[in-house]
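The values are calculated or read from the model by the stated rules, or taken from the named source; none is laboratory data. Please read these numbers as outputs of a predicted model, since none were measured by experiment. All Cβ positions, glycine included, derive from the backbone under ideal geometry; neighbour counts span all protein chains shown.
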Amino acid sequence: MQLAQQIKMRQSQSLVMTPQLQQAIKLLQMTNIELCQYLENQQSENPFLEIETSIDSKSRSGEENNKNENITSNISDDFKNGNSISDDPSNNQDYENRYETEVNERPKLDTLGTSLNKVTPEDFDDYIDNLANKPETLKEHIQKQISLELKTPKDLVIASFLIDYLEPTGWISSDLDQISKETECNINEIEEVLFKLQKLEPAGVFARNLSECLKIQLNEKSLLSDGLDILLDNLDLLAKGEIKHLMKITNFDQDEISKSITLIRSLNPKPGESYSFDETIQNSPDVIVSKGRKGWVVELNKSTLPAVVIDENYISELSSKKHDVNSSTYISDTIASARWLKRSVEQRNSTTLTIASAIIAQQEEFLEKGLSHLKPMVLRDIASNVGMHESTVSRVTTGLTIETPRGCFAMKYFFSVSLNSADNNETHAATAVRETIKKLISEEPSKKPLSDEAIATIMKKDGIDLARRTVAKYREIMKIPSSAQRKRQSRLAEIS
């Protein structure tokens, strides 16, 4: 067999995503808060960009706004007529790095460690106010007390490890053997430090399970007796409602068992939740829906939505001067990048508003009557209504939130599978069906809770064809116990 080199030409088609298209897709998936941060990063790299808040944009004159509107065109039109090619900044070697910058990157610092972002005195005052009003976290509260209980450096080191394993509930569920390996300390020493930390406030922190958490709180109140100790060691029997068995092993009569259950219910099973566990800032809604005179009004949340403005005066000033080849290339590429970013943001806002309006138009009955009237809806429905691809709708609705008179929801919340009706071709949203199940259980007689089969029968009479196993699946999703467990809980409530 003879091997030889040959030159052949082959024609093929391939889809290439330009840097501009990649940027536009990335912007579609950003929330308003993420968009602000991303644009601030772009502003630090592009001298022709200005980012304005809603307050700043109101102060601009209408003439200047009209001027900017004449310069900026729609992205979709540019794709069709090829104008985007004239704005192609791909010749700039740093283009991909600039537009592939992560949204959550750290702020840029100079050689002295000073932030390059502009900081005004008002920003500093706001920062001081935020520090003063910031709620105390659980770990901060614990660290203030450690020096009162622990003295030796070794105990303080072990305590710092244990604090890192502290959960939002105030418990510590990690295995002490693992902590022993990390600290290279004897497990007895760790247990000794843990016992000291369990004396800190709030009572019940650093417990390894529910039983220990409740025991710590009762011991703090000097209410822990031998009978209560045994009762807390057998919480599984208490959950099953096996009162007679508990009376036997604790030597309590029914009245004492009832008082003990009442006392246990007065305790806090998650003492850490009274403190702020993390400092995560909750995002504001991206879209706001309100009731207007002629119907529902859908608008973007302008309080968190930045506006991109091109500094045309600076561009005109530079255009009137002569530059060398490298400078002229940099200026033209940077201007093109700025204008493309402005159009991308405008297209992102327009697409978000269009899709949100289509969702609200489908779910008006939900806004009027409540969750049980949520209609079944899939991405395909909205995509066909707005004339976009399903992937575009998916990108926009992922991560974005919408505020309605019924509450603040993720946009993805409104999409759910449909269930067939028992009598006609009408369909029901799975979310609305779950809400109906929840309502039936909340209204059931406490002594005779409804079984999954009974719920399925009731819903079939109401026109919703549902199998028993589907009822069980939805009940488990909502973390609602079975009918037998609900009956035991009702019996415990009567005793206490």
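Things worth noting here:
- Of all the numbered requirements in (1) under 30 Å from LEU28 (Cβ atoms); (2) part of a helix (DSSP H, G or I); (3) of a type outside the set (Gly, Ala, Ser), ILE288 misses one, and that requirement is (2).
- When the test is whether a residue is surrounded by 11 or more Cβ atoms within 10 Å (Cβ to Cβ) and under 30 Å from SER490 (Cα atoms), LEU224 passes it.
- Given (1) surrounded by 15 or more Cβ atoms within 10 Å (Cβ to Cβ); (2) farther than 30 Å from ALA358 by Cα, index of the condition ILE288 fails: (2)
- With respect to the conditions (1) modelled with pLDDT under 80; (2) not in a loop (DSSP other than H, G, I, E, B), ILE158 falls short on a single one, namely (1).
- For segment 129-155, taking the residues that are in a loop (DSSP other than H, G, I, E, B) and under 17 Å from PHE195 (Cα atoms), the one that is modelled with the lowest pLDDT is identified as LYS151.
- Test: residue in segment 312-326 that is touching an Asp or Glu at 6+ places or on another chain (Cβ under 9 Å), under 30 Å from LEU353 (Cα atoms) and touching a residue at least 60 places away in the same chain (Cβ under 8 Å): yes
- Top-ranked residue of segment 445-460 - restricted to ones that are free of Cβ contacts under 8 Å to residues at least 40 places away in the same chain and part of a loop (DSSP other than H, G, I, E, B), ranked as surrounded by the most Cβ atoms within 10 Å (Cβ to Cβ): LEU450
- Selection status of GLN217, modelled with pLDDT of 90 or more and surrounded by 16 or more Cβ atoms within 10 Å (Cβ to Cβ): yes
- Total residues in segment 213-239 satisfying the condition of being of a type in the set (Gly, Ala, Ser) and either touching a residue at least 60 places away in the same chain (Cβ under 8 Å) or in contact with a strand residue (DSSP E or B) (Cβ under 6 Å, 6 or more places away or on another chain) (or both): the figure is 1.
- Flag if LYS248 is among the charged types (D, E, K, R), modelled with pLDDT under 85 and farther than 30 Å from VAL396 by Cβ: no
- Elements of type helices (runs of 4 or more DSSP H) in segment 182-240, at least 3 residues being more than 38 Å from the chain's Cα centre (by Cα): 187-197, 226-233
- Helices (runs of 4 or more DSSP H) lying entirely in segment 297-385 (those with 3 or more residues that are buried (at least 17 other Cβ atoms within 10 Å of the Cβ) and small (Gly, Ala, Ser)): 325-362
- Pairs, first at pLDDT below 90 in segment 345-372, second among the acidic types (Asp, Glu) and in a helix (DSSP H, G or I), C-beta under 9 Å, six or more apart: GLN362/ASP381; GLY370/GLU435; LEU371/GLU435; SER372/GLU435
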